[in-house]
Amino acid sequence: MRELSLDLAGRSESHRVLIGPGLRRDLGRLLQPLGFPSRVFVITDRRVQRLYGKDLQETLTGAGFQANLLAVAPGERSKSWPALQRLARELLAQGAHRGTVLLALGGGVVGDLTGFLASIYMRGIPLVQVPTTLLAMVDASIGGKTAINLPEGKNLLGTFWQPRLAVMDPEFLNTLPLKERLNGLAEVLKAGFIRDRELLERLAREGRELFHHPEELLEVIHRASGIKVAIVAADVREADLRRLLNFGHTLGHGLEAASHYRLPHGRAVALGMLMALRLSEQLSGLPEEESRWGQQLLRKFGYAEHLPRLDREAVLAALIRDKKRLEAGLVFVLLRRLGEAVIQEDVPLALADEALSEVLDLG
Ligand SMILES: NC(=O)c1ccc[n+]([C@@H]2O[C@H](COP(=O)([O-])OP(=O)(O)OC[C@H]3O[C@@H](n4cnc5c(N)ncnc54)[C@H](O)[C@@H]3O)[C@@H](O)[C@H]2O)c1
Ligand SMILES: [Zn+2]
């Protein structure tokens, strides 16, 4: 088992992150030292419930907890006000009180929704994160950001609410579809690009075989989530450092919007990283051979294959909308070297457009 410690400057929200194959069957025992009351509500989605709900209830009851399970429909649409209200009323009906623990079992959707609920139910109750997707392990379950969506846009209502513990079992990924694995892997690659060249080299060696090598997979999850933990610990409320986590996301968000969210987030971010690598050669001094190596790595995982037709103008329009919100012009996270990121302000739109065209031509 690996362990990370999210140390928030000695604050009481500091907590541990445990990573290990099979930990899901030990969860009850892992909760015991936290001194929670015996009632635990597991919030999950129906797909994850079918796969892991019973295991989880067993480990919790085995450790003396009374476990109830509430499930939402799988998918982004459950990050909504109606789903939140339904869960809150269900908690009330089943007698959840101020000391009751919520355990989020699922991907980022369940994690964000459950986190938000935990932060406001009776003015806040304890939360445990048990991420079951790669994206949720290395990204969504770390950092305490919670949210639901509004019809007007994603993540518009939310809070910061740290879990008391996060438990990651890489074996959950055995049942995760390839598309979802690649979604999370884009965030792993991102972590490598901004902070950890050796992580990139591992990914280059492994390719998609990574998911069949449990030792390597454990190491990769440990490193990538460790990078998020380190950045969050240094910058809880999202000032400067945390912005580095947006590598690939400026263009990525534009591509997602232009595709009307048909392009999965991870894939859009991977394309955004391809573009950021090109811009980094021109603007932040990334050596050409490192840029080329990085681009090859992204292609190796297939992110640039069979791109849907995307309207360049629509992507640019999204970038300009972003720009209007920011004093500093078009802002990109770029690289100085592989593993070393910088914030680059005032990126000329013409250069961004050029890099965008090259990336779209790949498809
Ligand atoms: N809070 C944050 O800091 C943060 C960061 C990044 C993303 N997010 C949010 O995370 C969400 C995306 O999360 P996601 O990519 O995990 O998607 P998700 O939660 O929708 O899960 C993807 C799909 O995989 C299924 N699934 C989950 N675990 C499985 C398993 N082990 N085996 C088989 N199927 C499984 C789910 O049922 C779902 O259909 C977005 O809403 C995004 O806004 C939040
Ligand atoms: Zn992302």
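The values are calculated or read from the model by the stated rules, or taken from the named source; none is laboratory data. Given the structure is predicted, the values throughout are model-derived calculations rather than measurements. In this analysis, Cβ positions are derived from the backbone assuming ideal geometry, glycine residues included, and neighbour counts consider all displayed protein chains. These area figures cover heavy atoms from the full protein model, side chains too; ligands, DNA and RNA do not enter into them. Shrake-Rupley method; radii C 1.70, N 1.55, O 1.52, S 1.80 Å.
Which of the residues spanning the range 209-226 are in contact with a Leu (Cβ under 8 Å, 6 or more places away or on another chain) and not small (Gly, Ala, Ser)? Explain how you work it out, then say what you get.
Step one: filter the range 209-226 for residues in contact with a Leu (Cβ under 8 Å, 6 or more places away or on another chain), giving 210-211, 216-217, 220-226.
Residues satisfying the conditions are Leu210, Phe211, Glu216, Leu217, Val220, Ile221, His222, Arg223.
Of all residues in the range 203-237, how many are exposed (fewer than 15 other Cβ atoms within 10 Å of the Cβ), farther than 17 Å from Gly192 by Cβ and either modelled with pLDDT under 95 or touching a Cys at 6+ places or on another chain (Cβ under 6 Å) (or both)?
Residues meeting the conditions: 2.
Listed here are the residues, each with its yes/no results for (1) part of a helix (DSSP H, G or I); (2) open to solvent by 20 Å² or more (accessible area, probe 1.4 Å); (3) without any contact (Cβ under 8 Å) to a residue 40 or more places away in the chain.
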residue	(1), (2), (3)
Gln162	no, yes, no
Asn174	yes, yes, yes
Val188	yes, no, no
Ala191	yes, no, no
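Are any of the residues in the range 177-185 part of a helix (DSSP H, G or I), in contact with a His (Cβ under 8 Å, 6 or more places away or on another chain), within 16 Å of ligand 2 (Cβ to nearest atom) and open to solvent by less than 20 Å² (accessible area, probe 1.4 Å)? Full working, then the answer.
Our first condition is that a residue be part of a helix (DSSP H, G or I); within the range 177-185, this holds for 178-185.
Next, from what is left, pick out any that are in contact with a His (Cβ under 8 Å, 6 or more places away or on another chain): 183.
From what is left, the residues that are within 16 Å of ligand 2 (Cβ to nearest atom) are 183.
The next check asks that each one be open to solvent by less than 20 Å² (accessible area, probe 1.4 Å); those that pass are none.
The answer is no; no qualifying residue exists.
For residues that are surrounded by fewer than 20 Cβ atoms within 10 Å (Cβ to Cβ) and not aliphatic (A, V, I, L, M), scanning just the range 60-74, find the one that is farthest from Val40 (Cα to Cα).
Only one residue fits best here, namely Pro74.
From Val333, Val315, Val269, grab the single residue that is among the aliphatic types (A, V, I, L, M) and either outside any helix (DSSP H, G or I) or without any contact (Cβ under 8 Å) to a residue 40 or more places away in the chain (or both). Before the answer, list the steps.
Numbers: Val315 fails: either outside any helix (DSSP H, G or I) or without any contact (Cβ under 8 Å) to a residue 40 or more places away in the chain (or both); Val269 fails: either outside any helix (DSSP H, G or I) or without any contact (Cβ under 8 Å) to a residue 40 or more places away in the chain (or both).
Just a single option satisfies the conditions, and that option is Val333.
Pick from the range 238-255 the residues that are open to solvent by less than 20 Å² (accessible area, probe 1.4 Å) and within 18 Å of Ile320 (Cα to Cα): which of them is nearest to ligand 1 (Cβ to nearest atom)?
Here the answer is His249.
Identify all residues within the range 28-53 that are touching a Leu at 6+ places or on another chain (Cβ under 9 Å), of a type outside the set (A, V, I, L, M) and outside any helix (DSSP H, G or I); write none if there are none. So that I can check it myself, show each step before the final result.
Start the filter on the range 28-53 by keeping residues that are touching a Leu at 6+ places or on another chain (Cβ under 9 Å), which leaves 28, 30-31, 34, 40-45, 48-49, 52-53.
Those left that are additionally of a type outside the set (A, V, I, L, M): 28, 41, 44-45, 49, 52-53.
Matches in the range 28-53: Phe41, Thr44, Asp45.
When Leu263 is evaluated against the numbered criteria (1) open to solvent by 40 Å² or more (accessible area, probe 1.4 Å); (2) touching a Leu at 6+ places or on another chain (Cβ under 7 Å); (3) not in a helix (DSSP H, G or I), which criterion, by number, is the only one it fails?
Checking Leu263 against (1) open to solvent by 40 Å² or more (accessible area, probe 1.4 Å); (2) touching a Leu at 6+ places or on another chain (Cβ under 7 Å); (3) not in a helix (DSSP H, G or I), the one that fails is (1).
Hey, could you check the range 54-83 for residues that are in a helix (DSSP H, G or I) and within 16 Å of Thr114 (Cα to Cα) and say which is farthest from ligand 2 (Cβ to nearest atom)? Don't jump to the end; show me each part of the working.
From the range 54-83, those in a helix (DSSP H, G or I) are 54-62, 76-78, 81-83; that's our starting set.
If we keep only those that are within 16 Å of Thr114 (Cα to Cα) too, we end up with 76-78, 81-83.
On the way: Glu76: 14, Arg77: 19, Ser78: 19, Trp81: 23, Pro82: 25, Ala83: 22 Å.
Looking at the filtered set, the residue picked out is Pro82.
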